[in-house]
Amino acid sequence: MRSQYEYLVVLGVCVLITVPLEWMGRGVYRRGSELARAIAPVLLVLAVWDVIAILRGHWSFHPEATTGVLIGGVLPIEEVLFFVAIPICAVLTYEAVRGRSERWLRDG
């Protein structure tokens, strides 16, 4: 059985799992404007791509797994949040690994 909040829950879990990486890395959330500049182009390109794919019938979303809130009447809000949450998780992971590896090299 699917829930209309399934997609949001998965995104939330992804973000929650990576939040502790904020303290292992270089403070990704503390550099909000830089993070926004890194994510904005990805969000824009992928959102346009998704809208085109949806309108052409190449892509769709399971209505039982989304809330039904659509941006522009086409793109589920969950998909927009995906294009924000997953890049944030990726940047947090990258910065945590980078921060740790620099410490290992320095203290090694």
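The values are calculated or read from the model by the stated rules, or taken from the named source; none is laboratory data. Model, not experiment: these values are computed from the prediction. Backbone-built Cβ (ideal geometry, glycine too); neighbour counts: all protein chains shown. The accessibility values were calculated without ligands, DNA or RNA, using every heavy atom of the protein model including side chains. Shrake-Rupley method; radii C 1.70, N 1.55, O 1.52, S 1.80 Å.
Structure above, values below:
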read-out: Where Val42 falls short, out of the listed (1) β-branched (Val, Ile, Thr); (2) in contact with a helix residue (DSSP H, G or I) (Cβ under 7 Å, 6 or more places away or on another chain); (3) surrounded by 15 or more Cβ atoms within 10 Å (Cβ to Cβ); value: (3)
read-out: Search result, residues across segment 90-107 that are surrounded by fewer than 18 Cβ atoms within 10 Å (Cβ to Cβ) and under 17 Å from Val28 (Cα atoms); value: Ala90, Thr93, Tyr94, Val97, Arg98, Gly99, Arg100, Ser101, Glu102
read-out: Yes/no for Leu35 being open to solvent by less than 70 Å² (accessible area, probe 1.4 Å) and in a helix (DSSP H, G or I); value: yes
read-out: Meets criteria (more than 17 Å from the chain's Cα centre (by Cα), at pLDDT below 95, loosely packed, with under 15 Cβ neighbours inside 10 Å and in a helix (DSSP H, G or I)) for Trp59; value: no
read-out: So Val42, is it hydrophobic (A, V, I, L, M, F, W, C), in contact with a Leu (Cβ under 7 Å, 6 or more places away or on another chain) and under 22 Å from Ile88 (Cα atoms); value: no
read-out: Neighbours by Cβ (under 7 Å, 6+ apart or cross-chain): first from segment 1-27, closer than 21 Å to Leu75 by Cα; second exposed (fewer than 14 other Cβ atoms within 10 Å of the Cβ) and among the charged types (D, E, K, R); value: Arg2/Glu64; Gln4/Glu64
read-out: Some residue of segment 65-80 being open to solvent by 70 Å² or more (accessible area, probe 1.4 Å), assigned to a helix (DSSP H, G or I) and not basic (Lys, Arg); value: no
read-out: Verdict on Pro87 being open to solvent by less than 60 Å² (accessible area, probe 1.4 Å) and either among the β-branched types (Val, Ile, Thr) or outside any loop (DSSP other than H, G, I, E, B) (or both); value: yes
